[in-house]
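Please treat every number below as a calculation from the coordinates, not as lab data. A quick note: this is a predicted structure, and the numbers were derived from the prediction, not measured. Because the Cβ atoms are built from the backbone with ideal geometry, glycine has one as well, and the counts that use them run over all protein chains shown.
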Amino acid sequence: MSLTANDVTQIAHLARLGIDKQDIDSYTKDLSGILDLMTQMSELNTDNVDPMAHPMDQVQRLRVDTISEQNNREKFMSIAPQAEAGLYLVPKVIE
């Protein structure tokens with residue numbers, strides 16, 4: 001798919017991007033190349049390709065889920081300006 005300079009100007013306007021007039025030809029060439037690559041990739045047969053989350057077969061190391069701090073909820077609730085039934089009461093800001 002080949003874009004025109006007018007297409008690139010309209011895309012930049014829709015994306016709220018300010019581009020210099022002398023760069024429009026370069027953007028037109030680059031964006032047309034990207035769209036051509038996407039067209040080529042969409043024509044490939046991927047029926048026997050397994051989906052993957054990462055191209056490298058890696059495993060994420062996970063840490064042990066342990067409690068590292070004590071529960072200070074009651075202490076914090078006791079020093080709050082207003083609290084009720086385990087909730088902090090705040091002024092209403094939306095009518």
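Charged neighbours of D36, selected by a Cβ distance under 12 Å, balance to -1 (K, R count +1; D, E count -1).
What's the center-to-center distance, using Cα atoms, between region 49-82 and region 1-27 in Å? With region 49-82 and region 1-27 each reduced to a Cα centre, they are spaced 44 Å. Across region 56-66, computed HN-Hα scalar couplings (Karplus, 6.51 cos²θ - 1.76 cosθ + 1.60, θ = phi - 60°) run 9, 7, 10, 10, 7, 6, 10, 8, 5, 7, 10 Hz from first to last residue, x flagging Gly and Pro. For the chain, the relative contact order comes to 20 percent (Cα pairs under 8 Å, sequence separation of at least 6). For the peptides 34-40, 81-87, 45-51, residues were scored by their other Cβ atoms within 10 Å and the scores averaged per peptide; the highest-first order is 34-40, 81-87, 45-51. Remark: S78, S26, S32, S68 ranked as S68, S78, S26, S32, counting other beta-carbon atoms within 10 Å and listing the fewest first.
Helix 24-42 and the longest principal axis of the C-alpha atoms of the chain enclose an angle of approximately 80°. Only the Cβ atoms of Lys and Arg (+1) and of Asp and Glu (-1) were treated as charged; on that basis the dipole of region 1-72 about its Cα centre amounts to roughly 260 debye. By the beta-carbon count within 10 Å of each Cβ, the least crowded to most crowded order of M77, M1, fewest first, is M1, M77. Taking a ≥ b ≥ c as the square roots of the eigenvalues of the Cα gyration tensor, region 51-95 is oblate, since a/c reaches 1.5 or more and a/b is not larger than b/c. For the chain, the longest principal axis of the alpha carbon atoms and the long axis of helix 5-14 meet at an angle near 10°.
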